[in-house]
Amino acid sequence: MGERRLLRAFGIDVTSATSSERAEEILKEDNDFDLLITDVQRSGTSYKFVDKGTEIHEGVNFVVKLRKEETDERIKSLPIIFYAAYSWESLVDFTRLARELRPPEPEISNSVDDLIPKVIRSLSEERIDPITVSAKKTPTGTRLRR
């Protein structure tokens, strides 16, 4: 909760999900995210769809499934940071399955002092291209009036 409050203090919108299934629902509803921060452990069933996935590392399995099966390229290529309280060596080992997949390789962090700079760097790289908006709204179709 402290990390979320700190990110919000920087003006970063934070959307939370308590399970892999809820995260998947959120991403299907709205693909306009710049970064995904995930724990290594959490509830969910992505491990059932990932070869060599283990239930205890559900956050990692979710990312593997996302990288392999997601059809929305925006979501499939989201920058990711694994944030967990493991030792650095354990974090490297536990996240290997996800880090060996297609770019961009997920970052890892085990302290808020390391997390915040990685979030800021990732968001600055993600937002380097300005958002473009068409000068004129395109009609979505004709409605019948009765």
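The values are calculated or read from the model by the stated rules, or taken from the named source; none is laboratory data. Model, not experiment: these values are computed from the prediction. All Cβ positions, even for glycine, are placed from backbone atoms using ideal geometry, and neighbour counts span all protein chains on display.
From the set of residues in segment 104-146 that are surrounded by 10 or more Cβ atoms within 10 Å (Cβ to Cβ) and charged (D, E, K, R), which is modelled with the lowest pLDDT? That would be 127. Comparison of 27, 101, 78 shows that the only residue that is hydrophobic (A, V, I, L, M, F, W, C), surrounded by 14 or more Cβ atoms within 10 Å (Cβ to Cβ) and not in a loop (DSSP other than H, G, I, E, B) is 27.
Might you let me know whether segment 39-46 holds any residue that is closer than 19 Å to residue 85 by Cβ, in contact (Cβ under 8 Å) with a residue 40 or more places away in the chain and in a helix (DSSP H, G or I)? Looking through segment 39-46, none of the residues is closer than 19 Å to residue 85 by Cβ, in contact (Cβ under 8 Å) with a residue 40 or more places away in the chain and in a helix (DSSP H, G or I).
The set of residues from segment 6-24 being among the aliphatic types (A, V, I, L, M) and part of a loop (DSSP other than H, G, I, E, B) comprises 12, 14, 17.
Consider segment 11-24 and keep the residues that are loosely packed, with under 14 Cβ neighbours inside 10 Å and without any contact (Cβ under 8 Å) to a residue 24 or more places away in the chain. The one that is farthest from the chain's Cα centre (by Cα) is 11.
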